[in-house]
Amino acid sequence: MLLANLREQVLEANLDLVRRGLVLSTFGNASGVAREEGLIVIKPSGVPYDEMKPQDLVVTDMHGKVVEGTLRPSSDLPTHAALYRAFSAIGGIAHTHSEYATAWAQARKSIPCFGTTHADYFHGPIPLTKVMTDSEITGEYEANTGVAIIRAFKKIDPMAVPAVLVANHGPFAWGADAKKAAENAWMLEAAARIAWFTVGINAKAAPVGKTLHDKHFLRKHGKKAYYGQAAGKK
Ligand SMILES: [Zn+2]
């Protein structure tokens with residue numbers, strides 16, 4: 001069986017999404033990529049989470065062609081594959097319809113960074129894609145969802161803002177690996193929920209200032225990070 005460790009990791013990431021209450025019905029999927037091998041491991045379509053085993057996951061190439069597995073891959077695979085091809089630093093992707101993030105996506109509003117909970121994980125507002133055109137929807141819909149996301153990141157580093165809202169659909173999050181992608185999906189939902197409360201209390205609430213935003217993101221990420229324990233120390 002190919003990529004046994006990655007299969008385990010992607011299975012755990014899918015279960016993380018469920019355990020954290022981010023998956024409504026079966027609207028959720030996580031994947032991981034093995035860059036050297038050029039292979040993607042993704043959740044199968046329509047298998048109940050409590051019965052899912054590592055061997056049920058589907059291995060595909062970078063264009064979504066099944067390489068190993070008897071089950072059909074998640075229907076969102078072409079979106080995942082497009083993101084892996086475009087964003088070379090990412091190692092995992094998580095898609096959910098978590099309610100608060102989805103509400104912002106349906107309202108067609110990007111999520112401003114109102115405070116440090118958001119700033120710790122996302123170095124900027126959570127961008128919103130353009131509304132997809134009819135021909136994008138009737139054509140290769142899932143692949144075009146990837147195109148819409150990539151377009152929204154023309155001027156944004158996907159590792160600095162590892163999440164997006166697809167207009168009228170819901171969030172995608174990613175990270176260095178599948179576990180991190182699931183964590184970012186969880187933090188995105190928290191940021192979306194708290195932002196909603198914030199504008200409920202004060203509709204004119206201002207986004208956090210640049211200095212505080214930079215401070216919180218950069219102390220956890222990048223070359224000068226000092227928050228938590230150094231890699232290998234724990
Ligand atoms: Zn979806």
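Side notes on the structure shown:
- Filter result for residue 212 (assigned to a helix (DSSP H, G or I) and more than 16 Å from the ligand (Cβ to nearest atom)): yes
So that you can scan it fast, the table gives a plain yes or no per residue for (1) crowded, with 20+ Cβ neighbours inside 10 Å; (2) at pLDDT 95 or above; (3) within 15 Å of residue 31 (Cα to Cα):
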| position | (1), (2), (3) |
| --- | --- |
| 139 | no, yes, no |
| 143 | no, yes, no |
| 151 | no, yes, no |
| 155 | no, yes, no |
| 161 | yes, yes, no |
| 171 | yes, yes, yes |
| 179 | no, yes, yes |
| 182 | yes, yes, yes |
| 185 | yes, yes, yes |
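- Checked against the criterion of being among the small types (Gly, Ala, Ser) and closer than 16 Å to residue 42 by Cα, the candidates 190, 178 yield just one match: 178.
- Filtered residues of region 56-72 (kept if of a type outside the set (A, V, I, L, M), more than 16 Å from residue 13 (Cα to Cα) and touching a residue at least 12 places away in the same chain (Cβ under 8 Å)): 60, 61, 63, 64, 68, 69, 72
- Taking (1) within 18 Å of residue 93 (Cα to Cα); (2) within 16 Å of the ligand (Cβ to nearest atom) in turn, residue 176 satisfies each apart from (2).
- Contact map, region 141-169: residues that are under 18 Å from residue 180 (Cβ atoms) and more than 12 Å from the ligand (Cβ to nearest atom) paired with residues that are among the polar types (S, T, N, Q) and part of a helix (DSSP H, G or I), Cβ distance under 6 Å, separation 6+ or inter-chain. Pairs shown: 162/184; 163/184.
The values are calculated or read from the model by the stated rules, or taken from the named source; none is laboratory data. Since the structure is predicted, the reported quantities are computational estimates derived from the model, not experimental observations. FYI the Cβ positions are ideal-geometry reconstructions off the backbone, even for glycines, and counts take in every protein chain you see.
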